[in-house]
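See below for the structure under consideration.
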Amino acid sequence: MLRAGVFKNEKTAEEQVVQVLNFDIHLVKDYRGNRYIERITECIPVENKNEYTFNHRIEKTLEGKFDKFFDNATHYFMKTTDKQLYIYRNILEYVDGEYIITNKISDKNIREMRLNMTDTDAEEFDEFVARHWGEESVYRMEDERKQKSQKASKLAKSGTTKKRGRPRLAEEL
């Protein structure tokens, strides 16, 4: 995107990509020419937190006020010069000929993944989460799935279903 001129700044490009990209599936080609998944990594955007202190008004001495000012200035410069846009966690890794689950998927991504599953798939996914991370009850969101299903069935009955994908060209019709 930088080469194409879409972005001028590498940090801005990285920030935009991380906001869209949830997982990175890293493929590797071995010496025989076979491709396999080496790891699946979750990219988690870092939320900006306000770590500034406004306690300078409480300070009685000029030295105390300067200390608070320099603390805030340090936080500011760290945010602007060395801004951490995301953290990453390997979820699955290929180690010694087998796949090993190494870290838990974030709650936000688990919720979003479940919302795009059928009821059967969501139940199997709940079992997977419980088996690997022992947190079965946290992710059961029957109400959200039911609301989604009800909305979809209402749209289907009314005949106003929204078609997904690119619009058809005149030649394809």
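The values are calculated or read from the model by the stated rules, or taken from the named source; none is laboratory data. The shown structure was predicted, so the numbers you read here are calculated from the model rather than taken from an experiment. Reconstructed Cβ throughout: ideal geometry from the backbone, glycine too, with neighbour counts over all protein chains shown.
Points to keep in mind about this one:
- Restricting the range 84-116 to residues that are in contact (Cβ under 8 Å) with a residue 24 or more places away in the chain and hydrophobic (A, V, I, L, M, F, W, C), the residue that is farthest from Gly134 (Cα to Cα): Leu85
- Qualifying residue in the range 115-123 (condition: assigned to a loop (DSSP other than H, G, I, E, B), farther than 25 Å from Gln19 by Cα and β-branched (Val, Ile, Thr)): yes
- Of all residues making up the range 54-107, the number that are part of a loop (DSSP other than H, G, I, E, B), of a type in the set (Ser, Thr, Tyr) and more than 30 Å from Leu27 (Cβ to Cβ): 1
- Verdict on Thr81 being closer than 29 Å to Ile110 by Cα, of a type in the set (Val, Ile, Thr) and free of Cβ contacts under 8 Å to residues at least 40 places away in the same chain: no
- The set of residues in the range 30-49 that are modelled with pLDDT of 90 or more and β-branched (Val, Ile, Thr) comprises Ile37, Ile40, Thr41.
- Of the criteria (1) modelled with pLDDT of 85 or more; (2) out of contact with any strand residue (DSSP E or B) (no Cβ under 7 Å at 6 or more places or on another chain); (3) not assigned by TED's automatic domain parsing to the domain that holds Val17, which one Asn109 fails: (2)
- Residue count for the range 1-51, restricted to those that are in a helix (DSSP H, G or I) and of a type in the set (A, V, I, L, M, F, W, C): 4
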